[in-house]
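Novice: Mind looking over this structure? Questions follow.
The values are calculated or read from the model by the stated rules, or taken from the named source; none is laboratory data. These numbers were taken from a predicted model, which means no experiment stands behind them. Glycine also receives a Cβ, built like all others from the backbone with ideal geometry; neighbour counts cover every protein chain displayed.
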(Lines give C-alpha, C1' and ligand atoms only; values in the text may rest on other atoms or scores of the structure.)
Protein backbone atom coordinates (compact mmCIF):
# COMPACT_ATOMS: atom_id res chain seq x y z
CA UNK A 1 0.00 0.00 0.00
CA UNK A 2 1.29 3.42 -0.96
CA UNK A 3 2.27 5.83 1.78
CA UNK A 4 0.03 8.91 1.92
CA UNK A 5 1.61 12.19 0.90
CA UNK A 6 2.19 14.20 4.06
CA UNK A 7 0.26 17.40 3.49
CA UNK A 8 -0.97 19.76 6.21
CA UNK A 9 -4.57 18.40 6.05
CA UNK A 10 -3.26 14.81 6.33
CA UNK A 11 -1.17 15.74 9.37
CA UNK A 12 -4.14 17.54 10.96
CA UNK A 13 -6.40 14.50 10.54
CA UNK A 14 -3.69 12.14 11.81
CA UNK A 15 -3.06 14.39 14.84
CA UNK A 16 -6.79 14.66 15.63
CA UNK A 17 -7.21 10.88 15.50
CA UNK A 18 -4.06 10.32 17.59
CA UNK A 19 -5.38 12.73 20.23
CA UNK A 20 -8.20 10.32 20.94
CA UNK A 21 -6.75 7.09 19.65
CA UNK A 22 -9.16 4.70 21.34
CA UNK A 23 -12.30 6.36 20.03
CA UNK A 24 -13.93 6.04 16.70
CA UNK A 25 -14.28 9.26 14.77
CA UNK A 26 -16.85 10.53 12.32
CA UNK A 27 -16.79 13.19 9.63
CA UNK A 28 -18.37 16.20 11.30
CA UNK A 29 -16.40 15.59 14.50
CA UNK A 30 -13.13 15.46 12.57
CA UNK A 31 -14.11 18.63 10.71
CA UNK A 32 -14.58 20.33 14.10
CA UNK A 33 -11.31 18.96 15.52
CA UNK A 34 -9.17 19.80 12.49
CA UNK A 35 -10.90 22.91 11.16
CA UNK A 36 -10.91 21.32 7.70
CA UNK A 37 -13.89 21.76 5.37
CA UNK A 38 -15.79 18.63 4.33
CA UNK A 39 -14.43 18.84 0.77
CA UNK A 40 -10.88 18.52 2.08
CA UNK A 41 -11.54 16.03 4.91
CA UNK A 42 -13.18 13.17 3.03
CA UNK A 43 -10.53 12.76 0.31
CA UNK A 44 -7.89 12.69 3.10
CA UNK A 45 -9.80 9.95 4.96
CA UNK A 46 -10.02 7.87 1.76
CA UNK A 47 -6.28 8.28 1.09
CA UNK A 48 -5.46 7.26 4.68
CA UNK A 49 -7.75 4.23 4.38
CA UNK A 50 -6.15 3.23 1.09
CA UNK A 51 -2.73 3.47 2.78
CA UNK A 52 -3.94 1.16 5.56
CA UNK A 53 -3.60 3.82 8.25
CA UNK A 54 -7.35 4.06 8.88
CA UNK A 55 -10.22 1.59 8.96
CA UNK A 56 -13.86 2.50 8.56
CA UNK A 57 -17.16 0.83 9.43
CA UNK A 58 -20.82 1.72 9.65
CA UNK A 59 -22.23 2.76 13.02
CA UNK A 60 -24.39 -0.02 14.50
CA UNK A 61 -27.71 1.70 15.16
CA UNK A 62 -31.33 1.29 14.23
CA UNK A 63 -31.96 4.30 11.96
CA UNK A 64 -35.70 4.24 12.68
CA UNK A 65 -35.18 4.37 16.44
CA UNK A 66 -32.45 6.99 16.23
CA UNK A 67 -34.26 9.06 13.63
CA UNK A 68 -31.15 9.36 11.48
CA UNK A 69 -29.05 7.14 9.18
CA UNK A 70 -25.99 5.29 10.45
CA UNK A 71 -22.72 7.22 10.39
CA UNK A 72 -19.44 6.07 8.93
CA UNK A 73 -16.84 5.68 11.70
CA UNK A 74 -13.10 5.97 11.19
CA UNK A 75 -10.35 4.62 13.46
CA UNK A 76 -6.55 4.50 13.21
CA UNK A 77 -5.08 1.05 12.62
CA UNK A 78 -2.07 -0.09 14.68
CA UNK A 79 0.21 0.54 11.72
CA UNK A 80 -1.48 3.87 11.02
CA UNK A 81 -1.11 4.97 14.63
CA UNK A 82 2.61 4.13 14.65
CA UNK A 83 3.27 5.87 11.35
CA UNK A 84 1.11 8.86 12.25
CA UNK A 85 2.97 9.29 15.57
CA UNK A 86 6.30 9.41 13.74
CA UNK A 87 5.06 11.85 11.11
CA UNK A 88 3.32 14.18 13.55
CA UNK A 89 6.34 14.13 15.86
CA UNK A 90 8.69 14.88 12.97
CA UNK A 91 6.48 17.74 11.89
CA UNK A 92 6.25 19.15 15.41
CA UNK A 93 10.03 18.91 15.78
CA UNK A 94 10.49 20.73 12.50
CA UNK A 95 8.09 23.47 13.56
CA UNK A 96 9.75 23.81 16.97
CA UNK A 97 13.17 24.13 15.32
CA UNK A 98 11.87 26.70 12.86
CA UNK A 99 10.16 28.70 15.60
CA UNK A 100 13.11 28.52 17.98
CA UNK A 101 15.86 29.50 15.54
CA UNK A 102 16.49 33.11 14.64
CA UNK A 103 16.37 33.98 10.96
CA UNK A 104 19.85 33.92 9.39
CA UNK A 105 21.39 37.39 9.27
CA UNK A 106 22.97 38.73 6.10
CA UNK A 107 26.62 37.70 5.92
CA UNK A 108 26.36 34.99 8.58
CA UNK A 109 25.33 32.12 6.28
CA UNK B 1 -40.27 12.27 12.64
CA UNK B 2 -40.72 15.00 10.06
CA UNK B 3 -39.53 14.68 6.48
CA UNK B 4 -36.48 16.44 5.10
CA UNK B 5 -36.73 20.20 4.65
CA UNK B 6 -36.26 21.83 1.23
CA UNK B 7 -32.73 22.88 2.25
CA UNK B 8 -31.88 19.32 3.31
CA UNK B 9 -33.21 18.03 -0.01
CA UNK B 10 -31.14 20.64 -1.87
CA UNK B 11 -28.02 19.73 0.12
CA UNK B 12 -28.67 16.02 -0.53
CA UNK B 13 -29.00 16.81 -4.24
CA UNK B 14 -25.66 18.62 -4.20
CA UNK B 15 -24.06 15.65 -2.45
CA UNK B 16 -25.57 13.21 -4.97
CA UNK B 17 -24.09 15.32 -7.76
CA UNK B 18 -20.72 15.43 -5.99
CA UNK B 19 -20.71 11.64 -5.50
CA UNK B 20 -20.97 11.13 -9.27
CA UNK B 21 -17.47 12.55 -9.63
CA UNK B 22 -16.00 10.13 -7.07
CA UNK B 23 -14.56 6.75 -8.08
CA UNK B 24 -17.29 4.15 -8.64
CA UNK B 25 -16.17 1.89 -5.79
CA UNK B 26 -16.49 4.75 -3.28
CA UNK B 27 -19.36 6.89 -4.58
CA UNK B 28 -22.19 4.98 -2.89
CA UNK B 29 -20.51 4.56 0.51
CA UNK B 30 -19.38 8.18 0.61
CA UNK B 31 -22.83 9.48 -0.37
CA UNK B 32 -24.47 7.43 2.40
CA UNK B 33 -21.98 8.68 4.96
CA UNK B 34 -22.43 12.31 3.86
CA UNK B 35 -26.23 11.99 4.01
CA UNK B 36 -25.89 10.56 7.53
CA UNK B 37 -23.81 13.56 8.61
CA UNK B 38 -26.30 15.88 6.93
CA UNK B 39 -29.12 14.38 8.99
CA UNK B 40 -27.35 15.45 12.21
CA UNK B 41 -27.29 19.08 11.01
CA UNK B 42 -31.08 19.47 10.77
CA UNK B 43 -32.17 22.94 11.83
CA UNK B 44 -28.93 24.53 10.68
CA UNK B 45 -29.50 25.15 6.96
CA UNK B 46 -26.35 27.23 6.39
CA UNK B 47 -24.21 24.49 7.91
CA UNK B 48 -25.88 21.87 5.73
CA UNK B 49 -25.31 23.87 2.56
CA UNK B 50 -21.71 24.64 3.54
CA UNK B 51 -21.07 20.94 4.18
CA UNK B 52 -22.57 19.87 0.85
CA UNK B 53 -21.16 22.81 -1.13
CA UNK B 54 -17.62 22.17 0.06
CA UNK B 55 -17.78 18.53 -1.08
CA UNK B 56 -19.32 19.58 -4.39
CA UNK B 57 -16.70 22.17 -5.31
CA UNK B 58 -13.60 20.49 -3.88
CA UNK B 59 -11.63 18.08 -6.07
CA UNK B 60 -12.86 14.52 -5.45
CA UNK B 61 -10.43 11.85 -4.36
CA UNK B 62 -8.44 10.42 -7.25
CA UNK B 63 -8.76 6.89 -8.63
CA UNK B 64 -6.54 4.48 -6.72
CA UNK B 65 -2.95 4.80 -7.98
CA UNK B 66 -3.62 8.03 -9.87
CA UNK B 67 -2.20 11.47 -9.19
CA UNK B 68 -4.36 13.52 -6.81
CA UNK B 69 -6.63 16.10 -8.39
CA UNK B 70 -5.68 19.38 -6.72
CA UNK B 71 -6.83 22.97 -7.08
CA UNK B 72 -3.54 23.55 -8.93
CA UNK B 73 -4.17 20.76 -11.42
CA UNK B 74 -7.74 22.05 -11.84
CA UNK B 75 -6.50 25.57 -12.59
CA UNK B 76 -3.99 24.19 -15.06
CA UNK B 77 -6.70 22.13 -16.76
CA UNK B 78 -9.01 25.17 -16.94
CA UNK B 79 -6.18 27.25 -18.42
CA UNK B 80 -5.57 24.55 -21.05
CA UNK B 81 -9.28 24.38 -21.93
CA UNK B 82 -9.57 28.17 -22.14
CA UNK B 83 -6.45 28.49 -24.27
CA UNK B 84 -7.52 25.71 -26.60
CA UNK B 85 -10.99 27.30 -26.98
CA UNK B 86 -9.51 30.71 -27.71
CA UNK B 87 -7.16 29.29 -30.31
CA UNK B 88 -9.98 27.25 -31.90
CA UNK B 89 -12.00 30.45 -32.33
CA UNK B 90 -9.00 32.38 -33.65
CA UNK B 91 -8.11 29.66 -36.19
CA UNK B 92 -11.76 29.36 -37.27
CA UNK B 93 -12.04 33.14 -37.72
CA UNK B 94 -8.73 33.27 -39.61
CA UNK B 95 -9.82 30.53 -42.00
CA UNK B 96 -13.21 32.10 -42.59
CA UNK B 97 -11.66 35.50 -43.19
CA UNK B 98 -9.29 33.78 -45.64
CA UNK B 99 -12.33 32.57 -47.58
CA UNK B 100 -13.79 36.08 -47.47
CA UNK B 101 -10.52 37.65 -48.71
CA UNK B 102 -10.16 35.09 -51.53
CA UNK B 103 -13.69 35.93 -52.66
CA UNK B 104 -12.95 39.65 -52.42
CA UNK B 105 -9.83 39.34 -54.63
CA UNK B 106 -10.93 36.52 -56.93
CA UNK B 107 -14.62 37.39 -57.22
CA UNK B 108 -14.35 40.07 -59.90
CA UNK B 109 -12.63 37.55 -62.21
CA UNK B 110 -15.35 34.90 -61.79
CA UNK B 111 -18.97 34.46 -62.82
CA UNK B 112 -21.67 34.25 -60.09
CA UNK B 113 -21.56 30.45 -60.30
CA UNK B 114 -17.76 30.53 -60.16
CA UNK B 115 -17.88 32.64 -56.98
CA UNK B 116 -20.23 30.11 -55.36
CA UNK B 117 -17.97 27.21 -56.34
CA UNK B 118 -14.91 29.07 -55.00
CA UNK B 119 -16.58 29.75 -51.64
CA UNK B 120 -17.87 26.19 -51.29
CA UNK B 121 -14.44 24.79 -52.17
CA UNK B 122 -12.61 27.07 -49.73
CA UNK B 123 -15.16 26.45 -46.95
CA UNK B 124 -14.76 22.70 -47.52
CA UNK B 125 -10.96 23.00 -47.24
CA UNK B 126 -11.34 25.10 -44.08
CA UNK B 127 -13.77 22.56 -42.61
CA UNK B 128 -11.35 19.73 -43.42
CA UNK B 129 -8.54 21.63 -41.71
CA UNK B 130 -10.69 22.11 -38.60
CA UNK B 131 -11.68 18.43 -38.68
CA UNK B 132 -8.01 17.48 -39.01
CA UNK B 133 -7.18 19.71 -36.05
CA UNK B 134 -9.93 17.99 -34.04
CA UNK B 135 -8.47 14.60 -34.92
CA UNK B 136 -5.06 15.73 -33.70
CA UNK B 137 -6.04 17.83 -30.67
CA UNK B 138 -9.48 16.49 -29.69
CA UNK B 139 -10.61 17.91 -26.33
CA UNK B 140 -11.04 15.20 -23.70
CA UNK B 141 -13.88 16.99 -21.89
CA UNK B 142 -16.05 18.00 -24.78
CA UNK B 143 -18.93 19.67 -22.95
CA UNK B 144 -16.49 21.88 -21.09
CA UNK B 145 -14.64 22.58 -24.35
CA UNK B 146 -17.94 23.59 -26.00
CA UNK B 147 -18.84 25.98 -23.18
CA UNK B 148 -15.32 27.46 -23.24
CA UNK B 149 -15.53 27.88 -27.03
CA UNK B 150 -18.81 29.75 -26.59
CA UNK B 151 -17.22 32.13 -24.08
CA UNK B 152 -14.17 32.59 -26.33
CA UNK B 153 -16.39 33.23 -29.39
CA UNK B 154 -18.39 35.84 -27.47
CA UNK B 155 -15.24 37.60 -26.30
CA UNK B 156 -13.69 37.41 -29.78
CA UNK B 157 -16.75 38.80 -31.59
CA UNK B 158 -17.39 41.54 -29.05
CA UNK B 159 -13.75 42.62 -28.75
CA UNK B 160 -13.24 42.25 -32.50
CA UNK B 161 -15.72 45.00 -33.27
CA UNK B 162 -13.43 47.67 -31.77
CA UNK B 163 -13.92 49.69 -34.96
CA UNK B 164 -17.64 49.21 -35.53
CA UNK B 165 -17.83 48.66 -39.28
CA UNK B 166 -20.67 46.19 -38.84
CA UNK B 167 -23.98 47.87 -38.02
CA UNK B 168 -25.42 44.94 -36.07
CA UNK B 169 -22.52 43.55 -34.11
CA UNK B 170 -23.18 44.71 -30.56
CA UNK B 171 -24.06 42.52 -27.61
CA UNK B 172 -27.81 42.37 -28.56
CA UNK B 173 -26.70 40.59 -31.74
CA UNK B 174 -23.68 38.59 -30.56
CA UNK B 175 -25.10 37.41 -27.22
CA UNK B 176 -28.21 35.64 -28.66
CA UNK B 177 -26.11 34.08 -31.42
CA UNK B 178 -23.41 32.73 -29.12
CA UNK B 179 -25.76 31.71 -26.28
CA UNK B 180 -28.04 29.82 -28.69
CA UNK B 181 -25.10 28.17 -30.44
CA UNK B 182 -23.41 27.22 -27.14
CA UNK B 183 -26.58 25.84 -25.56
CA UNK B 184 -27.49 23.65 -28.55
CA UNK B 185 -23.89 22.52 -29.12
CA UNK B 186 -23.44 21.60 -25.43
CA UNK B 187 -26.77 19.75 -25.23
CA UNK B 188 -25.86 17.89 -28.42
CA UNK B 189 -22.54 16.83 -26.91
CA UNK B 190 -24.25 15.63 -23.73
CA UNK B 191 -26.93 13.75 -25.71
CA UNK B 192 -24.37 12.10 -28.02
CA UNK B 193 -22.26 11.09 -25.02
CA UNK B 194 -25.25 9.53 -23.23
CA UNK B 195 -26.33 7.62 -26.34
CA UNK B 196 -22.77 6.35 -26.83
CA UNK B 197 -22.64 5.15 -23.21
CA UNK B 198 -25.77 3.10 -23.77
CA UNK B 199 -24.18 1.47 -26.82
CA UNK B 200 -26.16 3.37 -29.49
CA UNK B 201 -23.09 4.64 -31.32
CA UNK B 202 -24.61 5.23 -34.77
CA UNK B 203 -27.45 7.24 -33.31
CA UNK B 204 -24.96 9.16 -31.17
CA UNK B 205 -22.95 10.08 -34.27
CA UNK B 206 -26.09 11.18 -36.14
CA UNK B 207 -27.21 13.30 -33.15
CA UNK B 208 -23.75 14.93 -32.99
CA UNK B 209 -23.84 15.89 -36.70
CA UNK B 210 -27.48 17.03 -36.81
CA UNK B 211 -27.18 18.88 -33.49
CA UNK B 212 -24.04 20.62 -34.75
CA UNK B 213 -25.85 21.75 -37.88
CA UNK B 214 -28.84 22.93 -35.87
CA UNK B 215 -26.57 24.88 -33.52
CA UNK B 216 -25.14 26.95 -36.41
CA UNK B 217 -28.50 27.51 -38.15
CA UNK B 218 -30.22 28.51 -34.90
CA UNK B 219 -27.21 30.56 -33.70
CA UNK B 220 -27.12 32.51 -36.96
CA UNK B 221 -30.87 33.12 -36.85
CA UNK B 222 -30.76 34.25 -33.21
CA UNK B 223 -27.86 36.59 -33.98
CA UNK B 224 -29.63 38.15 -36.98
CA UNK B 225 -33.09 38.57 -35.44
CA UNK B 226 -32.33 42.06 -34.16
CA UNK B 227 -30.95 43.14 -37.55
CA UNK B 228 -33.92 41.58 -39.35
CA UNK B 229 -36.36 43.45 -37.12
CA UNK B 230 -34.63 46.78 -37.82
CA UNK B 231 -34.32 46.09 -41.56
CA UNK B 232 -37.91 44.87 -41.86
CA UNK B 233 -36.96 41.37 -43.01
CA UNK B 234 -39.56 38.75 -42.03
CA UNK B 235 -38.36 36.39 -39.27
CA UNK B 236 -39.95 33.53 -41.23
CA UNK B 237 -36.97 33.66 -43.62
CA UNK B 238 -34.57 32.87 -40.74
CA UNK B 239 -33.69 29.32 -41.89
CA UNK B 240 -32.27 30.85 -45.08
CA UNK B 241 -29.99 33.30 -43.29
CA UNK B 242 -27.10 30.86 -42.80
CA UNK B 243 -26.73 29.84 -46.47
CA UNK B 244 -27.26 33.46 -47.52
CA UNK B 245 -24.58 34.58 -45.07
CA UNK B 246 -22.05 32.02 -46.26
CA UNK B 247 -22.60 32.04 -50.01
CA UNK B 248 -22.11 34.99 -52.38
CA UNK B 249 -24.94 36.57 -54.33
CA UNK B 250 -27.16 37.49 -51.39
CA UNK B 251 -26.72 41.18 -52.13
CA UNK B 252 -28.66 40.69 -55.36
CA UNK B 253 -31.83 40.09 -53.33
CA UNK B 254 -33.63 43.25 -52.27
CA UNK B 255 -33.47 43.84 -48.52
CA UNK B 256 -30.83 41.17 -48.06
CA UNK B 257 -27.73 43.29 -48.63
CA UNK B 258 -26.84 44.10 -45.01
CA UNK B 259 -28.16 41.15 -42.99
CA UNK B 260 -26.15 38.30 -44.59
CA UNK B 261 -22.85 40.22 -44.52
CA UNK B 262 -23.45 41.03 -40.88
CA UNK B 263 -24.51 37.49 -39.98
CA UNK B 264 -21.53 36.02 -41.84
CA UNK B 265 -19.12 37.62 -39.35
CA UNK B 266 -20.66 35.45 -36.62
CA UNK B 267 -21.83 32.43 -38.60
CA UNK B 268 -18.51 31.75 -40.35
CA UNK B 269 -16.32 31.28 -37.25
CA UNK B 270 -19.16 29.47 -35.42
CA UNK B 271 -19.58 27.07 -38.36
CA UNK B 272 -15.90 26.13 -38.33
CA UNK B 273 -15.85 25.82 -34.53
CA UNK B 274 -18.84 23.48 -34.88
CA UNK B 275 -16.91 21.34 -37.36
CA UNK B 276 -14.06 21.09 -34.84
CA UNK B 277 -16.30 20.13 -31.89
CA UNK B 278 -18.55 17.80 -33.90
CA UNK B 279 -15.54 15.94 -35.29
CA UNK B 280 -14.20 15.51 -31.75
CA UNK B 281 -17.56 14.14 -30.57
CA UNK B 282 -18.00 11.78 -33.52
CA UNK B 283 -14.46 10.44 -33.08
CA UNK B 284 -15.04 9.89 -29.35
CA UNK B 285 -18.33 8.11 -30.06
CA UNK B 286 -16.67 5.89 -32.66
CA UNK B 287 -13.71 5.01 -30.46
CA UNK B 288 -16.09 4.23 -27.58
CA UNK B 289 -17.91 1.87 -29.93
CA UNK B 290 -14.81 0.05 -31.08
CA UNK B 291 -12.91 -0.02 -27.77
CA UNK B 292 -15.49 -1.12 -25.21
CA UNK B 293 -19.14 -2.09 -25.51
CA UNK B 294 -20.64 -0.24 -22.57
CA UNK B 295 -17.74 0.95 -20.51
CA UNK B 296 -18.24 2.30 -17.06
CA UNK B 297 -18.03 6.03 -16.51
CA UNK B 298 -14.97 5.63 -14.38
CA UNK B 299 -13.15 3.38 -16.83
CA UNK B 300 -13.11 6.38 -19.16
CA UNK B 301 -11.98 8.59 -16.34
CA UNK B 302 -9.09 6.26 -15.55
CA UNK B 303 -7.74 6.84 -19.01
CA UNK B 304 -8.36 10.53 -18.62
CA UNK B 305 -7.20 11.63 -15.23
CA UNK B 306 -3.85 10.07 -14.39
CA UNK B 307 -1.72 11.85 -16.95
CA UNK B 308 1.62 11.38 -15.32
CA UNK B 309 4.35 13.69 -16.44
CA UNK B 310 7.85 12.41 -16.85
CA UNK B 311 9.84 13.20 -13.67
CA UNK B 312 12.41 15.15 -15.67
CA UNK B 313 9.72 17.23 -17.33
CA UNK B 314 7.99 17.74 -13.97
CA UNK B 315 10.73 20.26 -13.18
CA UNK B 316 8.92 22.36 -15.78
CA UNK B 317 12.07 23.79 -17.32
CA UNK B 318 11.05 22.86 -20.89
CA UNK B 319 7.54 24.20 -20.27
CA UNK B 320 8.79 27.50 -18.88
CA UNK B 321 11.37 27.81 -21.64
CA UNK B 322 8.92 27.00 -24.44
CA UNK B 323 6.25 29.30 -23.03
CA UNK B 324 8.60 32.21 -22.39
CA UNK B 325 10.26 31.94 -25.81
CA UNK B 326 6.91 31.75 -27.62
CA UNK B 327 5.49 34.75 -25.73
CA UNK B 328 8.69 36.73 -26.34
CA UNK B 329 8.78 35.95 -30.07
CA UNK B 330 5.08 36.81 -30.54
CA UNK B 331 5.37 40.12 -28.71
CA UNK B 332 8.64 40.99 -30.45
CA UNK B 333 7.18 40.28 -33.89
CA UNK B 334 4.01 42.21 -33.08
CA UNK B 335 6.10 45.20 -32.09
CA UNK B 336 8.95 45.00 -34.61
CA UNK B 337 7.31 43.91 -37.86
CA UNK B 338 5.14 47.00 -38.37
CA UNK B 339 8.22 49.20 -37.76
CA UNK B 340 10.48 47.30 -40.16
CA UNK B 341 8.10 46.92 -43.08
CA UNK B 342 5.51 49.43 -44.34
CA UNK B 343 3.58 46.53 -45.88
CA UNK B 344 3.40 44.78 -42.51
CA UNK B 345 2.30 48.02 -40.86
CA UNK B 346 -0.41 48.45 -43.50
CA UNK B 347 -1.58 44.84 -42.99
CA UNK B 348 -1.60 45.26 -39.22
CA UNK B 349 -3.66 48.43 -39.39
CA UNK B 350 -6.13 46.80 -41.81
CA UNK B 351 -6.39 43.83 -39.45
CA UNK B 352 -7.26 46.13 -36.60
CA UNK B 353 -9.70 48.46 -38.41
CA UNK B 354 -11.96 45.62 -39.66
CA UNK B 355 -11.81 46.96 -43.22
CA UNK B 356 -10.24 43.83 -44.76
CA UNK B 357 -11.20 41.13 -42.28
CA UNK B 358 -13.57 41.14 -39.34
CA UNK B 359 -12.92 40.24 -35.76
CA UNK B 360 -9.25 41.05 -35.19
CA UNK B 361 -9.79 44.62 -34.02
CA UNK B 362 -8.70 43.57 -30.55
CA UNK B 363 -5.12 43.31 -31.87
CA UNK B 364 -4.97 47.11 -31.77
CA UNK B 365 -4.76 46.91 -27.99
CA UNK B 366 -1.35 46.05 -26.45
CA UNK B 367 -3.17 44.23 -23.60
CA UNK B 368 -4.92 41.97 -26.12
CA UNK B 369 -1.61 41.27 -27.88
CA UNK B 370 -0.09 40.31 -24.53
CA UNK B 371 -3.10 38.07 -23.80
CA UNK B 372 -2.71 36.37 -27.18
CA UNK B 373 1.02 35.90 -26.62
CA UNK B 374 0.23 34.43 -23.19
CA UNK B 375 -2.31 32.03 -24.72
CA UNK B 376 0.22 30.86 -27.30
CA UNK B 377 2.84 30.54 -24.54
CA UNK B 378 0.49 28.33 -22.52
CA UNK B 379 -0.09 26.16 -25.57
CA UNK B 380 3.65 25.83 -26.18
CA UNK B 381 4.20 25.01 -22.49
CA UNK B 382 1.43 22.40 -22.63
CA UNK B 383 3.08 20.73 -25.63
CA UNK B 384 6.48 20.81 -23.97
CA UNK B 385 5.08 18.81 -21.04
CA UNK B 386 3.02 16.43 -23.17
CA UNK B 387 4.25 12.90 -22.55
CA UNK B 388 5.47 11.01 -25.60
CA UNK B 389 3.08 8.31 -26.89
CA UNK B 390 5.62 5.63 -25.93
CA UNK B 391 5.74 6.67 -22.27
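Novice: Any chance the range B:109-121 includes a residue that's at pLDDT 80 or above and closer than 30 Å to residue B:78 by Cα?
Specialist: no
Novice: Inspect all residues belonging to the range B:97-110 and state whether any of them is within 11 Å of chain A (Cβ to nearest Cβ), over 30 Å from residue B:373 (Cα atoms) and surrounded by 13 or more Cβ atoms within 10 Å (Cβ to Cβ). It would help to see each step written out before you state the result.
Specialist: The initial filter retains those residues of the range B:97-110 that are within 11 Å of chain A (Cβ to nearest Cβ), namely none.
The answer is no, given that none of the residues of the range B:97-110 is within 11 Å of chain A (Cβ to nearest Cβ), over 30 Å from residue B:373 (Cα atoms) and surrounded by 13 or more Cβ atoms within 10 Å (Cβ to Cβ).
Novice: Still on this model: Is there a residue being within 20 Å of residue B:48 (Cβ to Cβ) and within 12 Å of the chain's Cα centre (by Cα) anywhere in the range A:9-21?
Specialist: Scanning the range A:9-21, I find no residue that is within 20 Å of residue B:48 (Cβ to Cβ) and within 12 Å of the chain's Cα centre (by Cα), so the answer is no.
Novice: Another question, if that's okay. Based on what the data block shows, is residue A:16 touching a strand residue (DSSP E or B) at 6+ places or on another chain (Cβ under 8 Å), without any contact (Cβ under 8 Å) to a residue 60 or more places away in the chain and closer than 21 Å to residue B:28 by Cβ?
Specialist: So residue A:16 fails the test.
Novice: Would you mind stating whether residue B:118 is surrounded by 18 or more Cβ atoms within 10 Å (Cβ to Cβ) and within 18 Å of residue B:261 (Cβ to Cβ)?
Specialist: yes
Novice: Let me ask something additional. Name the one entry in B:92, B:52 that is touching a helix residue (DSSP H, G or I) at 6+ places or on another chain (Cβ under 7 Å), at pLDDT 85 or above, within 12 Å of another protein chain (Cβ to nearest Cβ) and not in a loop (DSSP other than H, G, I, E, B).
Specialist: Going through B:92, B:52 in turn, just one is touching a helix residue (DSSP H, G or I) at 6+ places or on another chain (Cβ under 7 Å), at pLDDT 85 or above, within 12 Å of another protein chain (Cβ to nearest Cβ) and not in a loop (DSSP other than H, G, I, E, B): B:52.
Novice: While we're on this one: Out of the range B:33-49, which residues are at the interface with another protein chain (Cβ under 7 Å from one of its Cβ atoms) and part of a helix (DSSP H, G or I)?
Specialist: Of the residues in the range B:33-49, the ones at the interface with another protein chain (Cβ under 7 Å from one of its Cβ atoms) are B:33, B:35-37, B:39-40.
Matches in the range B:33-49: B:33, B:35, B:36, B:37, B:39.
Novice: Right, residue B:198: touching a residue at least 12 places away in the same chain (Cβ under 8 Å), over 15 Å from residue B:266 (Cβ atoms) and surrounded by fewer than 22 Cβ atoms within 10 Å (Cβ to Cβ) or not?
Specialist: Yes: the conditions hold for residue B:198.
Novice: To continue, here is another question. Just for the range B:178-194: of the residues that are closer than 21 Å to residue B:287 by Cβ and without any contact (Cβ under 8 Å) to a residue 40 or more places away in the chain, which one is surrounded by the fewest Cβ atoms within 10 Å (Cβ to Cβ)?
Specialist: Within the range B:178-194, the subset closer than 21 Å to residue B:287 by Cβ is B:185-186, B:188-194.
Okay, now just the ones that are also without any contact (Cβ under 8 Å) to a residue 40 or more places away in the chain, so B:191, B:194.
Values: B:191: 16, B:194: 12.
So, considering only residues that are closer than 21 Å to residue B:287 by Cβ and without any contact (Cβ under 8 Å) to a residue 40 or more places away in the chain, the one surrounded by the fewest Cβ atoms within 10 Å (Cβ to Cβ) is B:194.
Novice: Within the bounds of the range B:241-259, is there any residue that is at pLDDT 75 or above, in the same structural domain as residue B:159 (by TED's automatic domain parsing) and surrounded by fewer than 16 Cβ atoms within 10 Å (Cβ to Cβ)?
Specialist: yes
Novice: Here is a further query. Looking only at helices (runs of 4 or more DSSP H) that lie completely in the range A:1-107, which have at least 1 residues being within 14 Å of chain B (Cβ to nearest Cβ)?
Specialist: Numbers: elements: A:8-19, A:27-34, A:38-50, A:63-66, A:78-100.
Answer list for the range A:1-107: A:8-19, A:27-34, A:38-50, A:63-66.
Novice: Across the range B:14-32, what is the total count of residues that are within 9 Å of another protein chain (Cβ to nearest Cβ) and within 33 Å of the chain's Cα centre (by Cα)? Write out each step before concluding.
Specialist: Initial filter on the range B:14-32 (within 9 Å of another protein chain (Cβ to nearest Cβ)): B:18, B:22-23, B:26, B:29-30, B:32.
Retained after the next criterion (residues that are within 33 Å of the chain's Cα centre (by Cα)): B:18, B:22-23, B:26.
The total comes to 4.
Novice: Now, a different point. If you take the residues in the range B:41-77 that are more than 33 Å from the chain's Cα centre (by Cα) and surrounded by 17 or more Cβ atoms within 10 Å (Cβ to Cβ), which one is nearest to residue B:13 (Cα to Cα)?
Specialist: Per the criteria, the residue is B:48.
Novice: Does the range B:61-69 contain at least one residue that is without any contact (Cβ under 8 Å) to a residue 40 or more places away in the chain and within 12 Å of chain A (Cβ to nearest Cβ)?
Specialist: Taking the range B:61-69 first, the residues without any contact (Cβ under 8 Å) to a residue 40 or more places away in the chain are B:61, B:68.
Narrowing the set further to residues that are within 12 Å of chain A (Cβ to nearest Cβ) leaves B:61, B:68.
Yes - at least one qualifying residue is present in the range B:61-69.
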